[in-house]
Amino acid sequence: TLAGLDARTLTGRTRLLPFVPGVAPAQRSTTVSRADVLCAGRRGGATATRVRAVPTGRARAGKLSDARAVNNAQGWTSFYGVNRYAGSTKDITPGSEAMQWYLRAIGRDKLLDREKEIILASRIRRLLDWEQRKLQEEEMQGRKISNAEWAEVVGVEPEEFNSKLRLYAQAKNTMVTANLRLVVSIAKKYANQGLNIQDLIQEGSLGLINAVKKFDPEKGCKFSTYATYWIKQAVTRALADQSRTIRLPVHINDFLKNLRKAHRTFFMEHGRFPTEDELADILGSGKAKISLVRRSAQELISLEAPRHSANVRVQNEDARMMDLIPSTGMAPEEGLRQSFLQDDLRNSLDEALDYEERIVLAQRYGLDGLRRKTLAEIGEELEYSTTQVRQIEAKAMRKLRKPTVKKALTEYMSPVMESADAW
């Protein structure tokens, strides 16, 4: 049971408002602006839910604006290869048990204050210095060195070295784990752009580790401010490199982000999609570049993907997208017929003609995959005159017109006259 909580239903969702002494339930929404409600279950689990209360006087307007926002979000479709707005938030709010466990785990770590950040950063810088000196020593000796040799290199007693090494490594781990919630908050902003939230968090964590290594507390900057740039760089670089089957260059990817933003802003202001001329005026770019980026950013579909429709269910479950593409080659039966024709024609030429006549006809009409040649080219190759080649061709054609030879090719005669490829 939840003690001291009053339920309100806003925009189709149940909101829990905390109890305020001396205020009637109907007036609580006008008093409380925001509250953090901890809903504890019977099994000991706890889920923190942030609630935003809407004043009663603006409840109706809030419902209408929220409804319009939901309708607009669901009405957007795929744009430039990604969803402009996701109609569902399942990618932003992970529902898998592993993801929920991860979020609960990182929520247990306390945030660091300024003094703690400075202490941990100084220890991390000392650890990085030790590791750098270790690498230099190993390069000089050409082998791995032991911890005792490492302690001698850094000028620390072996007993004290081991304890300090563990302390410095723990400082690095604490610095990373205490800021993983920053990674999640930044990764959510880049959801539904080609990578799922788990991959974005992983890439952002790598950027956080780089920020921990390079952070200098003497510059006077907070670590969260400094790490934000490294996390964003890692996430955006991962989106540019991994979100597409065919990677886009960095400058094209950056221009595509600006193009999406301009497209979205124009739609929200005017209620319609902008033309290429209007986008060119907003971005200060040419229509050719906008057309190039839009073509380059189109979503790729595998030919082996199943064929489906949003309204019509496909009868054949094995149908693929490849089945929708018309074939430019000849039909299978026509290919088989051409193969039989080539075999019968080759046999007839071998039986009725001698070697010289067969060579002249093959080069004259492009048989056996040869290029069709003129009488002069054939005569030059065989060292005959054009008249002699013409006489050999006429003699060979008279032989092929004999009934004994013609009988095998009669059924192919009409299609052969219509198709130049057979000859």
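The values are calculated or read from the model by the stated rules, or taken from the named source; none is laboratory data. Since this is a predicted model, take the numbers as computed values, not measurements. Every residue, glycine among them, receives a Cβ derived from its backbone with ideal geometry; neighbour counts consider all protein chains shown. Quick note on the areas: whole protein, heavy atoms, side chains included, nothing else; ligands and nucleic acids left out. Shrake-Rupley method; radii C 1.70, N 1.55, O 1.52, S 1.80 Å.
Going through region 153-194 one residue at a time, which ones are closer than 30 Å to residue 133 by Cα and among the small types (Gly, Ala, Ser)?
155, 163, 169, 171, 178 - these are the residues of region 153-194 that are closer than 30 Å to residue 133 by Cα and among the small types (Gly, Ala, Ser).
Would region 128-151 turn up any residue that is within 30 Å of residue 108 (Cα to Cα), open to solvent by less than 60 Å² (accessible area, probe 1.4 Å) and touching a residue at least 60 places away in the same chain (Cβ under 8 Å)?
yes
Which number in (1) more than 30 Å from residue 297 (Cβ to Cβ); (2) free of Cβ contacts under 8 Å to residues at least 24 places away in the same chain marks the one condition that residue 217 misses?
Result: residue 217 fails condition (2) only.
Within the group 186, 197, 252, which residue is of a type outside the set (Lys, Arg) and within 27 Å of residue 115 (Cβ to Cβ)?
Just one listed residue meets the conditions, 186.
Against the conditions (1) closer than 26 Å to residue 202 by Cα; (2) surrounded by 16 or more Cβ atoms within 10 Å (Cβ to Cβ); (3) at pLDDT 90 or above, where does residue 118 fall short? Just the number, please.
(2)
Looking at 379, 366, which is the one that is at positive phi, modelled with pLDDT of 80 or more, open to solvent by less than 70 Å² (accessible area, probe 1.4 Å) and of a type outside the set (A, V, I, L, M)?
366
State yes or no: is residue 218 closer than 21 Å to residue 98 by Cα, open to solvent by 10 Å² or more (accessible area, probe 1.4 Å) and in a helix (DSSP H, G or I)?
In short, no.
Please tell me if residue 160 is surrounded by 11 or more Cβ atoms within 10 Å (Cβ to Cβ), of a type outside the set (A, V, I, L, M) and over 27 Å from residue 208 (Cβ atoms).
So residue 160 does not fit the description; no.
Just the residues that are of a type in the set (Asp, Glu) and either open to solvent by 60 Å² or more (accessible area, probe 1.4 Å) or assigned to a loop (DSSP other than H, G, I, E, B) (or both), please, taken from region 270-285.
277, 281
Only one of (1) over 19 Å from the mean Cα position of the chain (by Cα); (2) in contact (Cβ under 8 Å) with a residue 60 or more places away in the chain; (3) open to solvent by 20 Å² or more (accessible area, probe 1.4 Å) fails for residue 223. Which number is that?
Of (1) over 19 Å from the mean Cα position of the chain (by Cα); (2) in contact (Cβ under 8 Å) with a residue 60 or more places away in the chain; (3) open to solvent by 20 Å² or more (accessible area, probe 1.4 Å), only one is false for residue 223: (3).
Name the single residue, out of those in region 327-339 being without any contact (Cβ under 8 Å) to a residue 12 or more places away in the chain and in a helix (DSSP H, G or I), that is nearest to residue 365 (Cα to Cα).
Only one residue tops the list, namely 339.
Enumerate the pairs (first residue in region 226-241 and free of Cβ contacts under 8 Å to residues at least 24 places away in the same chain and over 9 Å from residue 203 (Cβ atoms); second residue anywhere and open to solvent by 10 Å² or more (accessible area, probe 1.4 Å) and not basic (Lys, Arg)) with beta-carbon separation below 8 Å, excluding pairs fewer than 6 apart on the same chain, so at least 6 apart or on different chains.
Qualifying pairs under 8 Å: 230/210; 240/248; 240/250; 240/253.
Of everything in region 92-115 that's open to solvent by 90 Å² or more (accessible area, probe 1.4 Å) and in a helix (DSSP H, G or I), which residue is modelled with the lowest pLDDT?
Ranking the qualifying residues of region 92-115, first place goes to 97.
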